[in-house]
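Written below as structure tokens is the structure these notes are about.
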Amino acid sequence: MSQNRGTDFPGTSDFSGGSQPGNSQGATSIGAAATAAAPGLAQTAQQYGEKITEVAGQAKEFVTDKMGVVGDKFKELQNADYAEMAENAKDYARKNPGQAILISAAAGLLLGLILRGRRS
């Protein structure tokens, strides 16, 4: 029967292993575990790098596509008849008064914030 002196914990009754203070075997096993984990971490970092590169490429394609759409819209606006655009806006406001009010309020808020920022 082993003698319990108040220092034994379940699973640690024999202190001859690597968990004893001052034993370099514990430090060696931690270093070995870190060395064993390094290739796994490098592989994970490489996978994340590949994913970031892929997403960046997709973002570039998206922005390029949207810039083309914006360029086309600017060309349409340059060649547009402003009287016709005003009439279309009036028709839209008559058909959708709630949305027209919300759009006008949002535009006014943005314009107010822009002008307020310039005065400061």
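Taking 0.36 nm per residue of separation and subtracting the current Cα-Cα distance, fully stretching the chain between LEU102 and GLU84 would add 4.2 nm. Couplings 3J(HN,Hα) of segment 67-83, computed from phi: 5, x, 5, 5, x, 4, 5, 4, 5, 5, 5, 5, 9, 7, 8, 5, 5 Hz, in residue order, whole Hz [Karplus 6.51 cos²θ - 1.76 cosθ + 1.60, θ = phi - 60°; x for Gly and Pro]. Across segment 53-59, rounded Karplus estimates of 3J(HN,Hα) from the backbone phi angles (6.51 cos²θ - 1.76 cosθ + 1.60, θ = phi - 60°) give 4, 5, 5, 5, x, 5, 5 Hz, Gly and Pro being marked x. If you take the square roots of the eigenvalues of the alpha-carbon gyration tensor of segment 27-80 and sort them as a ≥ b ≥ c, do you get rounded (a/c under 1.5), prolate (a/b over b/c) or oblate? Prolate, because a/c is 1.5 or more and a/b exceeds b/c.
Readers should treat all values here as calculations from the given coordinates under stated rules, not as data from a laboratory. Remember, it's a predicted structure, so these values are computed and weren't measured experimentally.
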